[in-house]
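Below is one structure; the comments refer to it alone.
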Protein chains: 2
Amino acid sequence: MTPFTSRRHHSVAALGEMRLIAAIRRWLGDSTPVAPFGIGDDCAVLAPAKRHQLVTTDPVIYGQHFDDEVPARSVGAKLLKRNLSDIAAMGGIPRTAVVSMALAPDTSVAWVRMFYLGLAAAARRTNVKIVGGDIAQAPDGFLGAFLTLHGESSGPRVVTRRGAQRGDWIYVTGRLGGSLLGKHYRISPRLAEGAWLARRREVRAMLDVSDGLVKDLIPLTPAGTVPAVFAKTVPISGAAKRRARITGRSPLSHALCDGEDFELLFAVSSSANLTTFERAWQRTFPRLRLSRLGYFARRQDLPATALRLGDYHGYEHLR
Amino acid sequence: MTPFTSRRHHSVAALGEMRLIAAIRRWLGDSTPVAPFGIGDDCAVLAPAKRHQLVTTDPVIYGQHFDDEVPARSVGAKLLKRNLSDIAAMGGIPRTAVVSMALAPDTSVAWVRMFYLGLAAAARRTNVKIVGGDIAQAPDGFLGAFLTLHGESSGPRVVTRRGAQRGDWIYVTGRLGGSLLGKHYRISPRLAEGAWLARRREVRAMLDVSDGLVKDLIPLTPAGTVPAVFAKTVPISGAAKRRARITGRSPLSHALCDGEDFELLFAVSSSANLTTFERAWQRTFPRLRLSRLGYFARRQDLPATALRLGDYHGYEHLR
């Protein structure tokens with residue numbers, strides 16, 4: 001569905017800002033509280049927070065994160081899920097969001113409606129309240145939605161990207177690659193898994209795979225080490241294999257580089273009992289694969305069988 | 001200064017995302033804390049909050065909120081100040097912000113640098129920490145920055161837009177109109193004034209004038225009443241008068257409609273002692289004009305000398 005319309009009476013410009021905002025409140029339904037705790041005042045007002053708070057922001061932009069092929073409902077859901085994945089990566093619980101829209105005047109009201117219905121459905125499923133936002137006019141052809149998500153720690157600890165040490169094990173959830181074949185619109189943010197991992201002392205550092213395993217391993221890697229990851233340990237998705245048939249590249253390179261997997265990548269202490277840890281995982285999340293990719297090694301100790309990750313390129317924005 | 005460059009080696013695309021983010025951290029300097037409390041992790045981590053929290057979001061978009069004529073530093077400052085004005089309007093104290101940028105590949109690094117320096121300077125002056133953000137690629141010709149600002153209440157009370165009653169007095173700070181002649185790049189968010197007003201019991205409702213007095217009076221007006229505002233009470237700015245000479249419209253209509261004044265508009269209880277209130281204001285803010293515009297009247301009691309506000313139109317986005 002294209003977001004733009006040539007029929008002016010179907011456009012957001014014809015509806016006007018005030019009626020559009022009123023419509024958005026209807027579309028969001030019970031996923032938005034009423035002012036002063038939601039849309040309709042200068043600021044949203046939130047209750048005091050006893051735990052550490054988490055804040056993240058990620059957009060979806062037409063031509064960049066979605067196109068005419070993607071249903072507007074899926075775009076709305078994806079906007080929230082991208083941000084949910086960041087909260088999951090810190091072991092947090094999502095709470096509230098604000099959404100800033102930049103709309104060309106000829107954006108169709110029907111598209112915006114489906115977008116907000118998709119956003120509201122995803123918010124309802126994850127107990128997130130849309131507490132505010134903004135509507136701004138954008139130049140012709142532009143459509144972007146910028147969401148800021150607030151959460152809090154699920155326990156005493158927030159897991160950051162730092163903290164891994166030499167010898168620590170590298171794990172990833174799920175299967176990787178092929179997100180261009182639609183998976184990134186069916187993201188399941190790993191919220192329960194992230195909160196569970198944050199309670200495990202042997203987990204030292206964590207992030208979500210958004211730019212591809214190769215690129216996202218970089219911030220997790222302790223200084224003076226390199227990731228020793230082996231080809232046979234990488235969980236390659238079916239989509240990565242299908243995509244490889246189209247591109248002529250290897251399924252492994254798609255699993256390593258594609259990005260938008262939104263799986264959790266984390267480091268487990270070298271002194272941990274891996275059997276205990278992996279059994280506990282399997283009991284708790286029997287349906288989600290967990291893969292031990294390798295470990296952080298001194299550069300001079302890198303096994304000859306380890307993947308040369310420098311030969312692969314993760315997704316770099318603005319290139 | 002135009003934000004775009006035809007020399008590829010001067011563009012953000014040539015720099016690449018990772019080096020751009022490193023540069024942004026340098027440009028922000030001490031206005032950004034280090035991860036995990038700032039840029040560089042999946043989420044920013046904020047300390048627990050004892051008071052009610054405030055959240056607001058507003059963007060600046062090329063062609064809409066600024067153009068080639070506006071220095072990039074001023075655009076960065078304006079982005080923060082627009083949001084600060086919303087915190088001021090609730091009587092709050094600003095604390096932290098996240099910034100989501102959408103950049104065309106040919107955006108010049110020099111422009112982005114000056115933008116962030118302007119943002120950092122404004123943040124430093126108001127004790128705001130930039131704790132995180134996102135950089136996304138946008139189509140050619142697009143440049144937008146979307147900021148979400150977090151604050152907290154300055155005292156036991158958050159002042160919302162609702163709460164005015166029939167007979168209450170209408171006040172506004174400063175002078176109105178002519179923002180197109182540059183004033184909106186020199187906004188002084190009324191933070192101290194908003195916090196002071198939130199502590200005064202006679203103040204019942206408040207907002208900031210962003211879309212023009214006529215439009216912004218609407219949400220403040222109690223049901224069953226209309227604002228009785230008189231021509232001679234409206235504080236017309238010098239810029240509104242200069243603008244009127246260009247447009248041929250009246251200075252009053254510019255003061256009523258221009259928008260982006262970022263002054264505080266509020267209701268004072270009809271039972272308040274106005275002399276006491278106005279003297280307390282003058283002692284505390286001797287240099288900032290305070291104007292009593294009128295009061296909320298029953299429609300059938302509207303004096304014949306009151307302005308017919310329906311004849312004027314505030315700024316409506318998306319039109």
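Is it the case that B:Leu265 is within 14 Å of chain A (Cβ to nearest Cβ), at negative phi and outside any helix (DSSP H, G or I)?
yes
Condition check: of a type in the set (A, V, I, L, M, F, W, C), within 12 Å of another protein chain (Cβ to nearest Cβ) and under 30 Å from B:Leu84 (Cα atoms). Does A:Ile24 satisfy that?
Judged against the criteria, A:Ile24 is not a match.
Can you tell me which of A:Ser270, A:Ser291 is outside any helix (DSSP H, G or I) and either more than 19 Å from A:Glu193 (Cα to Cα) or free of Cβ contacts under 8 Å to residues at least 40 places away in the same chain (or both)? Working first, answer last.
Numbers: A:Ser291 fails: either more than 19 Å from A:Glu193 (Cα to Cα) or free of Cβ contacts under 8 Å to residues at least 40 places away in the same chain (or both).
After applying the criteria, what remains is A:Ser270.
Go through segment B:134-161 and give me each residue that's at the interface with another protein chain (Cβ under 7 Å from one of its Cβ atoms), assigned to a loop (DSSP other than H, G, I, E, B) and either basic (Lys, Arg) or farther than 27 Å from B:Ala223 by Cα (or both).
Within segment B:134-161, B:Ala138, B:Pro139, B:Gly141, B:Phe142, B:Arg161 qualify.
Can you tell me which residues in segment B:51-101 are touching a strand residue (DSSP E or B) at 6+ places or on another chain (Cβ under 8 Å) and acidic (Asp, Glu)?
B:Asp58, B:Asp86
Assuming B:Leu28 fulfils every condition listed in (1) surrounded by fewer than 22 Cβ atoms within 10 Å (Cβ to Cβ); (2) closer than 25 Å to B:Ala104 by Cα apart from one, which condition is it?
Here B:Leu28 meets the rest and fails (1).
Quick check: is even one residue across segment B:235-255 assigned to a helix (DSSP H, G or I), exposed (fewer than 15 other Cβ atoms within 10 Å of the Cβ) and among the small types (Gly, Ala, Ser)?
Taking every residue of segment B:235-255 in turn, at least one turns out to be assigned to a helix (DSSP H, G or I), exposed (fewer than 15 other Cβ atoms within 10 Å of the Cβ) and among the small types (Gly, Ala, Ser).
For B:Ile170, work out the one condition from (1) farther than 12 Å from B:Pro3 by Cβ; (2) within 13 Å of another protein chain (Cβ to nearest Cβ); (3) assigned to a strand (DSSP E or B) it doesn't fulfil.
The failed condition is (2).
Out of the residues in segment B:61-93 that are within 25 Å of A:Ala104 (Cα to Cα) and among the β-branched types (Val, Ile, Thr), state the one that is nearest to the other protein chains (Cβ to nearest Cβ).
So, considering only residues that are within 25 Å of A:Ala104 (Cα to Cα) and among the β-branched types (Val, Ile, Thr), the one nearest to the other protein chains (Cβ to nearest Cβ) is B:Ile61.
Pick out the one residue from A:Val109, A:Val98 that is over 18 Å from the mean Cα position of the chain (by Cα), modelled with pLDDT of 95 or more and assigned by TED's automatic domain parsing to the domain that holds A:Glu17. Spell out how you get there, then give the answer.
Values: A:Val98 fails: over 18 Å from the mean Cα position of the chain (by Cα).
Exactly one of A:Val109, A:Val98 is over 18 Å from the mean Cα position of the chain (by Cα), modelled with pLDDT of 95 or more and assigned by TED's automatic domain parsing to the domain that holds A:Glu17, namely A:Val109.
From the list A:Ile130, A:Ile93, which residue is among the hydrophobic types (A, V, I, L, M, F, W, C), at pLDDT 95 or above and surrounded by fewer than 24 Cβ atoms within 10 Å (Cβ to Cβ)?
A:Ile93
Kindly provide the set of residues from segment B:27-44 that are in contact with a Leu (Cβ under 6 Å, 6 or more places away or on another chain), facing chain A (nearest Cβ under 10 Å) and hydrophobic (A, V, I, L, M, F, W, C), ordered by number. Can you show your working first?
Keep residues of segment B:27-44 that are in contact with a Leu (Cβ under 6 Å, 6 or more places away or on another chain), which gives B:27, B:42-43.
Keeping just the survivors that are facing chain A (nearest Cβ under 10 Å) gives B:42-43.
Residue satisfying the conditions is B:Cys43 alone.
Please work out if B:Val128 is touching a helix residue (DSSP H, G or I) at 6+ places or on another chain (Cβ under 9 Å), away from every other protein chain (no Cβ under 11 Å) and either at positive phi or β-branched (Val, Ile, Thr) (or both).
yes
Based on this model, can you work out whether B:Thr160 counts as in contact (Cβ under 8 Å) with a residue 24 or more places away in the chain, in the same structural domain as B:Gln64 (by TED's automatic domain parsing), of a type in the set (Ser, Thr, Tyr) and buried (at least 19 other Cβ atoms within 10 Å of the Cβ)?
No: the conditions fail for B:Thr160.
If you go through segment B:45-60, how many residues are facing another protein chain (nearest Cβ under 7 Å) and within 15 Å of the chain's Cα centre (by Cα)?
Counting residues in segment B:45-60 that are facing another protein chain (nearest Cβ under 7 Å) and within 15 Å of the chain's Cα centre (by Cα) gives 6.
Surrounded by 23 or more Cβ atoms within 10 Å (Cβ to Cβ), more than 18 Å from A:Gln53 (Cα to Cα) and of a type outside the set (Ser, Thr, Tyr): is that true of A:Ala110 in this structure? Step through it out loud before you land on a result.
Working: surrounded by 23 or more Cβ atoms within 10 Å (Cβ to Cβ): no; more than 18 Å from A:Gln53 (Cα to Cα): yes; of a type outside the set (Ser, Thr, Tyr): yes.
Answer is no for this residue.
Give the residue that is surrounded by the fewest Cβ atoms within 10 Å (Cβ to Cβ), with candidates limited to residues of segment B:56-71 that are aliphatic (A, V, I, L, M) and under 12 Å from B:Met101 (Cα atoms).
Here the residue is B:Ile61.
Considering A:Val75, A:Val34, which residue is in contact with a helix residue (DSSP H, G or I) (Cβ under 6 Å, 6 or more places away or on another chain), among the β-branched types (Val, Ile, Thr) and more than 24 Å from B:Leu84 (Cβ to Cβ)?
None of the others qualify; the one that does is A:Val75.
Can you tell which of B:Ser179, B:Ser154 is small (Gly, Ala, Ser) and over 25 Å from B:Gly76 (Cα atoms)?
None of the others qualify; the one that does is B:Ser154.
The values are calculated or read from the model by the stated rules, or taken from the named source; none is laboratory data. Just so you know, these numbers come straight off a predicted model, no measurement behind them. Quick reminder, even Gly has a Cβ in these numbers, built from the backbone with ideal geometry, and neighbours come from all protein chains shown.
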